[in-house]
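See below for the structure under consideration.
Values quoted throughout were computed directly from the atomic coordinates according to the rules given, and no laboratory measurement underlies them. In this text the structure is predicted, and so the values were computed from the model without any measurement. All Cβ positions, glycine included, derive from the backbone under ideal geometry; neighbour counts span all protein chains shown.
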Number of protein chains: 2
Amino acid sequence: MAEPAPTAAPQDPAVAPAAAPAAGEEGAVSKKGAKKAEAKAKKEAEKARKAAEQAAKQAAAGGANSEDLAKDNYGEIKHTTRLSSENVHLREITEAHLGKTIKVRAWIQNARMQGAKMAFVELREEGNWTIQGVVGASPEGTPVSRQMVKYIGALKLESFVMVEAVVQKPLEPVKSTKVSNFELHLTKLYLVATAPEMLGLSLAPASRAVGRLDEEEVKEEGVEGLSITDTPVASLAVHLNNPAMHKRAPVSQAIADIRIAVEDLFCEYLRARRFKRFHPPALIGAASEGGANVFSLPYFGQNAYLAQSPQFYKQFEIAGGRKRVFCVGPVFRAENSNTPRHMTEFTGLDLEMEIDEHYHEVLHMLEGVLLHIFRGLAKDYSEEIELVRTVYPSDEFLLPEPGKEVRLTFAEGQKLLREEGPEEYRNVSDDEDMSTPQEKALGALIREKYKTDFYVLDKFPVEARPFYALPDPENPKVTNAYDFFMRGQEILSGGQRVHLPHELEATIRSKGLDPNQPGIKEYVDVFRSVGVPPHGGGGIGLDRVVAWYLNLPSVHLVCDYPRTPKRLAP
Amino acid sequence: MAEPAPTAAPQDPAVAPAAAPAAGEEGAVSKKGAKKAEAKAKKEAEKARKAAEQAAKQAAAGGANSEDLAKDNYGEIKHTTRLSSENVHLREITEAHLGKTIKVRAWIQNARMQGAKMAFVELREEGNWTIQGVVGASPEGTPVSRQMVKYIGALKLESFVMVEAVVQKPLEPVKSTKVSNFELHLTKLYLVATAPEMLGLSLAPASRAVGRLDEEEVKEEGVEGLSITDTPVASLAVHLNNPAMHKRAPVSQAIADIRIAVEDLFCEYLRARRFKRFHPPALIGAASEGGANVFSLPYFGQNAYLAQSPQFYKQFEIAGGRKRVFCVGPVFRAENSNTPRHMTEFTGLDLEMEIDEHYHEVLHMLEGVLLHIFRGLAKDYSEEIELVRTVYPSDEFLLPEPGKEVRLTFAEGQKLLREEGPEEYRNVSDDEDMSTPQEKALGALIREKYKTDFYVLDKFPVEARPFYALPDPENPKVTNAYDFFMRGQEILSGGQRVHLPHELEATIRSKGLDPNQPGIKEYVDVFRSVGVPPHGGGGIGLDRVVAWYLNLPSVHLVCDYPRTPKRLAP
């Protein structure tokens, strides 16, 4: 019987776009290294051939019957099944493992027969770590039967298996897998959990850019200029309705890892500056910020509401002497907005701090934490960013040079738009809030002029801000409040808050509200109850930061379980 | 005019219980150190006296009128007010600051006149950092007037001020403040935000143990055996209705800091073990776990529900190939339970992980993370724990010796109760869940027998667990599921989950539910859609861990903004 020669399986063109760059990096070996590897592989192959010969002799001598000698080495796992070999993750395999028997748990990314006596599988683990597995009848002294090979070659894609295998060198680096310099010669394989015959979304389209962004369930579309069979794409709805497969795609894993990094970098920066975490409530007793766009629910004979922001509670923490606080958690907007920027529940990164002398202390802190995030991503997540770019192309996210951060006033932004922006913005006013297209146009102007995708618009007009925004004491038409932008899209709102109760009563009245109405009274009461120092802060939309940094077409590709007016599941 | 001699203000007995231990620690100076300090203080005082003399001479020479020479040095702050002196936090003051002019922002914890020409204030900053401030007419060459002294002596408690002051050595350490070896000779004081005449809750009762735990608004009660005037205590309701003052109390700050530490230690331990954070949704499309105790709300023409746990979503992450995940966030229970253990919204610390061979991998991970938390608290938060103990006394939280963790099966626990517990538990059954008093009785038995307040009950009966708990393959009457306890009170539920769709359908049916009913179908579909590896996890109640570790009377003292059937505000 021929032993399975270490061979590279043909690359699956469907998975290639996402898997290729990673495999390319791993596969880059020097000529010298390649020669050495080849020599070693030949030696190993010779050794294996001899072992197989001996096994065949032993079998003949012992008069083994021609039934399934390998029947205990494969099949559905039992709860008593144990393998004593070392458990190794694919990322951990090194030259030291060559010739050794290891144990691996992984998904079947691909499985196919090569003739009747050999099967190839692609095993995947921990996101996008993949390796080639080979199984041939009776190699290396361990019984492997035709039945076993057939079983393995017919495994359903995305099933989970436990295998025992000998680590070998392939004759040439395997191009289709991230681990390209080693392959696994399978000696045992147990099916831990099978996938169904047909996947609702297979890995190839899950690993590509989504098609339609709306809730239309389009399973396979062609990419522009290509036929459907070349490169099927699934709509966002299909992705989200198949959460396991959507998440298993390397691009989704990379986006999720970048999202974690953004949150961790946010917390790390603030903790180092004596900010203290707290947890604002989601359930609140009154629709605090005016009553629009708030979810309401029955609550033991009264009504409860879902918090639209942790605003009031961040301020209560300052009143409570916590000086600098931050929180990370869900906020809710009952807004019937079906856009790639909106969700009804999203993760807010919020901070609030005492101001010593000027509200720009807060602005600089927010700028600092975001720059820390951007620099941290560029430094430690280049591999993930590159992987995402193979699926969702993007220009580099331009940062200002240190000390040259771009901070325009709202009025300066409007002036720039009037003077250098598109025709339709010739008459924009300094007193009215910007529209989204206006913001994008300004973002393009600023990128051109200042070479940055990240900037601040300060001093928003009073009309465009809520009652808790402090009016500029030197120009009561504007506030000490700002928005931050990435690629022309808002990611943060913040500013200095009114901290004196009589001033707060005045700004509340100026918005047509009553300082003693339910929800607002409890808020103002806190400022009436003690002396509260000047303070300010801001709220960052986590998913927007990730989406606009990576230039993704929708925040719904970032959020772990996006919620929209039309989507509450899974 | 006499200069203000460095003097210790009489200790306020009301605040002493909480402030004393910290002050005691700081105040512990050697005899030699004290002598040195005294000499230095005398020298400083002499220097100051000379400066005052000179200032008086200058004033006389310049023919200054007898009006308010100091009028620009005190009063309400203007937005243009700036002080150029160095901004120093009270915790940062060292010998190097002696004789120097610094700027401090702080709360007025106490203010009183000493005769007509001198006033004492106690300033508080950053939780429980306090210092004595002294102001006397015309010291040290800076104009201080009688009017200014009077203004300062009459400041409302808990107002926020900005002061400029010279750091001096008091003649003897100040006992009533945490900073006991320095005092501040005020030269300027600006009122940033005044407190009202009457506080809804003053710092003394805010710093003591709460009285009644129910929602009764009892402002001042006597402590058992003492009259009300000696030691007023406020009910929990008064505390929570006065959030700023409740939070300003050193004991509240310490509890909040310990809570942050528990969360951070949880995340730190898991991150180091390749767990990845994710955010489960709060809004879900169906009452997933049977429909009892779930909040429901109208959602764009359909119904939404608030998640009772991240259970399903943790499992989706495992199905999505994330291997090990954790999350920290709010979970909701629409349960009309008015006890010190219950809240309608609480912060859950959750994890889920693939199981390689045995579900005790998960149990040991959970044990590991909790022991990491307990050891981390003991190591780095002894000061905070001691401070809490001065208000809420507690026995040391006993931990098992490493390698001697107590893990009983549920049946073993019941047996212990039957054989060694109180009379009423002689007939407890191995098939029925424990009641809370039963759990507490068992906790007392285990503390006595094994000298630990932390232990695990494993193998809960099938009847006591939800459908996703995996039955023990060798004894289908029990599950691979466990609870963890602290001082006899449950803080964690967890176990191995059913990961095969046909087994899941069977356990769902055995609970009288339909695997295809809304909410459950979407869950089972994920296991039908791909192969999902064996996995398990657990959910920890953050507030309970803190409350039971510190032996607090209620989780409502731990949560930042507790929500109960009767409380939705502030």
Calculated label separations, B:Pro298, copies of the chain, 7 Å along the beta-carbon direction, nm: 1.2
Over region A:74-193, one equal point on each Cα, no solvent: what is log10 I(q)/I(0) by the Debye formula at q = 0.11, 0.13, 0.14 Å⁻¹? -0.30, -0.43, -0.50
Ranking request for peptides A:337-346, A:481-490: highest mean number of other beta-carbon atoms within 10 Å first, then the rest in descending order. A:481-490, A:337-346
Which order results if B:Ser493, A:Ser394 are arranged by neighbouring Cβ count within 10 Å, fewest first? A:Ser394, B:Ser493
Amide H to amide H under 5 Å from B:Val478: which residues, 5+ apart in sequence or cross-chain, H placed 1.01 Å off N in plane? B:Val462, B:Asp472
Mean per-residue count of partner chain Cβ within 10 Å for A:313-321 equals 6
Pop the C-beta distance of A:Lys415 and A:Lys451 into the FRET formula with R0 = 25 Å and round what comes out to the nearest 0.05. 0.80
What spacing in nm lies between the two simple spin-label points modelled at B:Asp380 and A:Leu213, each 7 Å away from Cα in the Cβ direction? 4.1 nm
In the P(r) worked out for the protein assembly as shown, what percent of Cα pairs fall beyond 48 Å? 39 percent
Select from A:Gly99, A:Met148, A:Asn181 the residue farthest towards the positive end of the dipole of region A:74-193; place +1 on Cβ of Lys and Arg, -1 on Cβ of Asp and Glu, and compute about the Cα centre. A:Met148
Using a 7 Å offset from the Cα along the Cα-to-Cβ direction at both A:Glu76 and A:Arg273, what is the distance between the two label points in nm, to one decimal? 5.8 nm
Computed about the Cα centre, the charge dipole of the protein assembly as shown from +1 Lys/Arg and -1 Asp/Glu charges at the Cβ has a magnitude in debye, to the nearest 20, of 2420 debye
Using each residue's phi in region B:417-434, evaluate 6.51 cos²θ - 1.76 cosθ + 1.60 at θ = phi - 60° and report the 3J(HN,Hα) Karplus result to the nearest Hz, with x for Gly and Pro. 5, 4, 8, 10, x, x, 2, 5, 9, 5, 10, 5, 9, 7, 9, 10, 5, 7
Would you list, by chain and number, the aspartates and glutamates whose Cα falls below 17 Å from the Cα of A:Lys117, excluding same-chain residues fewer than 8 positions away? A:Glu3, A:Glu53, A:Glu67, A:Asp68, A:Glu140
Highest mean packing first, using Cβ neighbours within 10 angstrom, the peptides A:417-426, B:364-373, B:557-566 sort as B:557-566, B:364-373, A:417-426
Inter-label distance for B:Lys477 and B:Ser296, nm, one decimal - labels placed 7 Å from Cα along Cα-to-Cβ: 3.8 nm
Debye, to nearest 20: dipole size of chain A, +1 on Lys, Arg Cβ, -1 on Asp, Glu Cβ: 2400 debye
Helix B:250-271 vs. chain B, principal-axis angle (Cα, 0 to 90°, nearest 10): 50 degrees
Per-residue Cβ counts within 10 Å, from other chains only, averaged over A:497-504: what number is that? 1
Using a 10 Å cut-off on Cβ atoms, rank the peptides B:398-406, B:462-470 from the highest mean neighbour count down. B:462-470, B:398-406
Eigenvalues of the alpha-carbon gyration tensor of chain A, times 5 and square-rooted, give semi-axes in Å, largest first, of 58, 25, 21
Starting at the first residue of region B:116-122, write each ³J(HN,Hα) from the Karplus equation 6.51 cos²θ - 1.76 cosθ + 1.60 with θ = phi - 60°, in whole Hz, x for Gly and Pro. 8, 10, 9, 9, 10, 10, 10
Nothing charged except the Cβ atoms of Lys and Arg (+1) and of Asp and Glu (-1): what's the magnitude of the dipole of region A:253-557 about its Cα centre? Round to the nearest 20 debye. 580 debye
Grab the beta carbon distance between B:Lys150 and B:Lys566, set R0 = 41 Å, and tell me the FRET efficiency rounded to 0.05. 0.35
HN-Hα J in Hz across region A:524-529 - Karplus 6.51, -1.76, 1.60, θ = phi - 60°, x for Gly and Pro: 4, 4, 4, 6, 6, 7
B:Glu401 to B:Asp68: extension gain in nm, 0.36 nm per residue of separation minus the Cα-Cα distance? 113.0 nm
